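Beneath this line is the structure, given in structure tokens, with notes to follow.
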Amino acid sequence: MKPFPIKVLTYNLHKGYSSANLRFVLHRMREELHKTDADIIFLQEIQGKHSRREATVREWPLVSQCEFLADQLWPHYAYGKNAIYNAGHHGNAILSKFPFARWENLNVSDLRRASRSLLHGVVRIPDIDRELHIICIHLDLRAYERHRQIKILTQRIRETVPPQAPLILAGDFNDWRGELYKYLPRELDLTEVFRHLHGRHAKTFPAFLPVLSVDRIFYRGVDPIECSCFRDHPWHSLSDHLPLYAKFEMPR
């Protein structure tokens, strides 16, 4: 039997604003995300609620950004509220064409306003009757905090993800120096898809002139087929990050 294809995308939304916060572009983001037809989307810095913007931004959606982006293409989604402030909150989200068997959000930040979390879900793929572990991550800008958070991630995976279970880990690692690259393959047997297929990490930040590699897609238990960074119009004028796309095959 042929392996089952899985298309994934990771994207830091910048709360639906362009890189300099000059324009609210969530509607265009939704259009472009729909065109990718990804099966699973890992989102960082997605706005859950913001009372002031709801009242003043003309095109602000009537539902949460997670529901707005999911629309009818991704009927299953999970949102992890992490950064909490007077006007509302933002965090990470996963949109999925496959139903969740379960999911849990772990806030790993030492700051109340910082959106640093591990959103760990397990989706069931009915066509092949298998489960896939998916983790959306957003790590700290500070190196010592990233190392602390990656140790929490390591413990989480060791305790809750069986070694033989398929796993995809994606998000904004803020690891532009590549300090964590050797750690994850060594400790968790994870492979970064761009490093594996293209020999180097993808540069995703800032979107208009990407020079830093901060977004990653790691995997194990699935086979990589292709990957790409969406650099063309209009992606470079939307968020301050570029999205990463990868296609895998999952054994039946």
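The values are calculated or read from the model by the stated rules, or taken from the named source; none is laboratory data. Computed from a predicted model, the values in this text were never measured in an experiment. A quick note on method: Cβ atoms are made from the backbone with ideal geometry, for glycine too, and the neighbour counts reach across all protein chains shown.
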SER19 versus (1) in contact with a strand residue (DSSP E or B) (Cβ under 8 Å, 6 or more places away or on another chain); (2) part of a loop (DSSP other than H, G, I, E, B); (3) in contact (Cβ under 8 Å) with a residue 40 or more places away in the chain: which is the lone unmet condition?
(1)
Residues ALA101, ALA87, ALA93: which one is closer than 30 Å to MET1 by Cα and in contact with a strand residue (DSSP E or B) (Cβ under 9 Å, 6 or more places away or on another chain)?
ALA101
Which residue, of LEU197, LEU184, LEU180, is within 18 Å of ALA143 (Cα to Cα) and assigned to a helix (DSSP H, G or I)?
LEU184
Among the residues of segment 226-246, which ones are surrounded by fewer than 16 Cβ atoms within 10 Å (Cβ to Cβ), in a helix (DSSP H, G or I) and free of Cβ contacts under 8 Å to residues at least 40 places away in the same chain?
none
Among the candidates ARG58, ARG30, single out the residue that is basic (Lys, Arg) and either modelled with pLDDT of 95 or more or within 21 Å of PRO126 (Cα to Cα) (or both).
ARG30
Quick check on ASP172: is it under 17 Å from the mean Cα position of the chain (by Cα), charged (D, E, K, R) and modelled with pLDDT of 90 or more?
yes
Expected output for segment 53-64 (first residue under 19 Å from ASN86 (Cα atoms), partner outside any loop (DSSP other than H, G, I, E, B), Cβ below 6 Å, 6+ apart or cross-chain) is VAL57/PHE24; TRP60/ARG53; TRP60/GLU54; SER64/GLY48
